[in-house]
Amino acid sequence: MNGVELFLLGRTLMKIGEAAMPEPEGGGGQYGGSVRAVLIVASDVAAHPDSAVGEIAARTGLPQSQVSTSVARLKEAGAVVTAPDPADRRRLLVRQAPELSARVAEVRTTTIEDALATALADSTPEDRKEVADALEVLSRHLSPRSSVRARTRDTAPQTPR
């Protein structure tokens, strides 16, 4: 596999992940912004609590308007809370909500089986299981949480022997 193939595989996986997301109550059409942007912003907020919208935009590469729309969706879903920045009352700081909302719980418990079945429509159940198992392995090694653990392990002070 080369870099182009890996990139295109990543796009395909993102589309499958987006298809696996359950529709919000009332349908997704009532909300602005994409599922992708909302998930990118949610991930950034989890990694960097008490960030302003501009800081999130700078880290994610998303336009500030998309970040603002995503924060509004996440706030409505009960996934994040905002508070004025004590240093500059004009800015709002965003952090994960202290309580798990029903929408966040629903999204976190959604499985990928239906989305995989659609993406792999011409495959057998055994093929879909093989792909799901491979995704589990990749998730274990390449998820944002595993890369944080790896960075922490790599930068942890070494004890002399």
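The values are calculated or read from the model by the stated rules, or taken from the named source; none is laboratory data. From a predicted model like this one, the values you see are computed outputs, not experimental measurements. Please note: Cβ atoms are built from the backbone with ideal geometry, for glycine as well, and neighbour counts cover all protein chains shown. SASA here: full protein model, heavy atoms, side chains in, ligands and nucleic acids out. Shrake-Rupley method; radii C 1.70, N 1.55, O 1.52, S 1.80 Å.
Within region 21-42, restricting attention to residues that are at pLDDT 85 or above and open to solvent by 60 Å² or more (accessible area, probe 1.4 Å), the residue that is farthest from D85 (Cα to Cα) is R36. Put simply, of R36, R73 the only residue that is of a type outside the set (A, V, I, L, M, F, W, C), without any contact (Cβ under 8 Å) to a residue 60 or more places away in the chain and within 21 Å of R11 (Cβ to Cβ) is R36. Among helices (runs of 4 or more DSSP H) entirely within region 55-139, having at least 3 residues that are surrounded by fewer than 13 Cβ atoms within 10 Å (Cβ to Cβ) singles out 102-109, 113-119.
Residues being surrounded by 15 or more Cβ atoms within 10 Å (Cβ to Cβ) and in contact with a helix residue (DSSP H, G or I) (Cβ under 7 Å, 6 or more places away or on another chain) are represented in region 8-19 by at least one member. Taken over region 43-54, residues that are within 19 Å of P98 (Cβ to Cβ) and crowded, with 19+ Cβ neighbours inside 10 Å amount to 3.
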